[in-house]
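The values are calculated or read from the model by the stated rules, or taken from the named source; none is laboratory data. Bear in mind that the values here come from a model prediction, so they are computed numbers and not experimental data. With ideal geometry, Cβ positions are generated from the backbone for all residues, glycine too; neighbour counts draw on all protein chains shown.
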Amino acid sequence: DKGNHRHFMQKEIYEQPEVLSHTLGAFVDMTTGRTRLPKDQAIDFSKVRRIALSACGTGFYAALVGRYYFERYARIPCDLDVASEFRYRESPLADVDLALFVSQSGETADTLASLRYAKGEGLATAAIVNVEESTIAREADHVFPTLAGPEIGVASTKAFTCQLMALAALAIKAGVDRGVILPEREIEFTRILAEAPRLANEAIRLEGAIEALSRKMATKKHALFLGRGFSYPLALEGALKLKEISYIHAEGYAAGELKHGPIALIDETMPVVVIAPHDRSFEKTASNVQEVAARGGEIVLFTDAKGAASGIVDGAELIVLPDMPEILTPIVYAIPLQLLAYHTAIQMGTDVDQPRNLAKSVTVE
Ligand code: F6R
């Protein structure tokens with residue numbers, strides 16, 4: 001049931017504030033502010049030397065954010081592969097003490113095969129899954145549920161942000177286990193994570209402004225998405241979302257890669273979507289944006305008040321999000337990117353919930 005929404009995708013975008021708080025509740029005791037593993041599962045992250053992360057599609061981009069989280073907040077080095085590569089790469093898996101998989105459906109063939117491969121190699125396995133009765137949930141040693149509820153739209157939205165929430169909470173837990181995060185800071189972090197639903201609501205309120213932008217986007221054949229640091233995986237996810245439902249050719253890049261090739265594509269007709277909260281990467285991204293502006297590219301900038309006030313990007317179309325701590329930016333900035341893809345697809349008249357050639361769950365290689 002779509003309720004009063006036009007599509008499941010829109011309904012699922014709107015559900016995010018609520019399901020983010022459900023997912024957080026599985027990882028945090030809200031009365032003490034302490035992180036915990038769901039269902040009293042035991043992983044001692046102080047013993048984990050290295051994590052191998054693996055997933056497909058949007059789950060892979062969540063895992064890429066997860067890598068940044070584990071490395072930044074828990075100081076655990078991570079490997080990361082798309083599942084279709086992990087299972088055949090024959091990596092020596094040196095020092096890997098945990099293989100962590102991310103899947104909405106829990107049935108994706110390559111992710112399941114990678115899980116079985118990791119088990120065969122004698123690794124401890126864990127899975128972040130949305131469907132608790134799925135094969136991946138059954139076979140993994142540890143299961144961390146995302147409580148996004150059923151996701152019907154083929155383009156993943158609420159499952160993605162719940163995956164990010166689960167990964168953020170796990171990274172904080174891991175940081176605590178390792179003594180990298182002290183108890184007072186743990187409480188501060190969980191308080192910050194608890195702000196996600198409110199901020200997600202504010203992001204949803206940008207829908208009108210984003211719909212206006214989508215009218216222009218719908219006239220384009222191509223688009224580039226750029227981001228750095230925590231926003232790099234979002235550039236990839238924003239481009240995937242746009243291409244899969246609007247069929248506009250979109251590519252995501254790390255902003256620093258621009259000058260290594262894609263800048264050749266920039267002319268007056270190329271829209272460049274930049275995800276740049278005013279974080280530690282901002283100044284560097286801003287100088288990449290200036291390179292685009294100098295070549296006449298049309299810039300759409302997702303930033304906050306500080307980023308907007310920096311004036312470095314005069315002439316850009318601005319979508320201004322609320323200020324927030326860095327750990328929340330991937331979760332909250334995902335929402336306007338979902339809305340941009342959604343409204344562009346509506347302009348294009350495509351089948352938003354059932355895009356051509358795609359299946360909700362990919363159970364063949
Ligand atoms: C994109 C999308 C796909 C899935 C991918 C993995 O919007 O939905 O890229 O993310 O097929 O699926 P799960 O997460 O079910 O393993």
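Key figures for this structure:
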quantity	calculated
Criterion: away from the ligand (no atom under 16 Å from the Cβ) and either surrounded by 24 or more Cβ atoms within 10 Å (Cβ to Cβ) or more than 16 Å from the chain's Cα centre (by Cα) (or both) - qualifying residue of Arg185, Arg138	Arg185
Evaluation of Val65 against (1) touching a strand residue (DSSP E or B) at 6+ places or on another chain (Cβ under 8 Å); (2) within 16 Å of the ligand (Cβ to nearest atom) (one fails), failing number	(1)
Selection status of Val129, under 21 Å from the mean Cα position of the chain (by Cα), near the ligand (Cβ under 9 Å from one of its atoms) and over 15 Å from Asp81 (Cβ atoms)	yes
Elements of type strands (runs of 3 or more DSSP E) in the stretch 264-365, at least 1 residues being closer than 30 Å to Ser114 by Cβ and either of a type in the set (Gly, Ala, Ser) or in contact (Cβ under 8 Å) with a residue 12 or more places away in the chain (or both)	271-275
Close pairs (7 angstrom Cβ cut-off, 6 or more residues apart or separate chains): touching a residue at least 40 places away in the same chain (Cβ under 8 Å) in the stretch 202-216, surrounded by fewer than 19 Cβ atoms within 10 Å (Cβ to Cβ) and in a helix (DSSP H, G or I) anywhere	Ser214/Gln347; Arg215/Gln347
Selected residue (only one of Gly315, Gly297, Gly261, Gly307 is of a type in the set (Gly, Ala, Ser) and within 23 Å of the chain's Cα centre (by Cα))	Gly307
The lone exception for Ser84 - which of (1) within 16 Å of the ligand (Cβ to nearest atom); (2) within 21 Å of Tyr253 (Cβ to Cβ) it fails	(2)
Residue ranges of helices (runs of 4 or more DSSP H) in the stretch 164-257 with at least 2 members over 16 Å from Val300 (Cα atoms) and either touching a helix residue (DSSP H, G or I) at 6+ places or on another chain (Cβ under 6 Å) or at pLDDT 95 or above (or both)	183-193, 196-204, 232-246
Test: Tyr342 is away from the ligand (no atom under 16 Å from the Cβ) and among the aromatic types (Phe, Trp, Tyr)	no
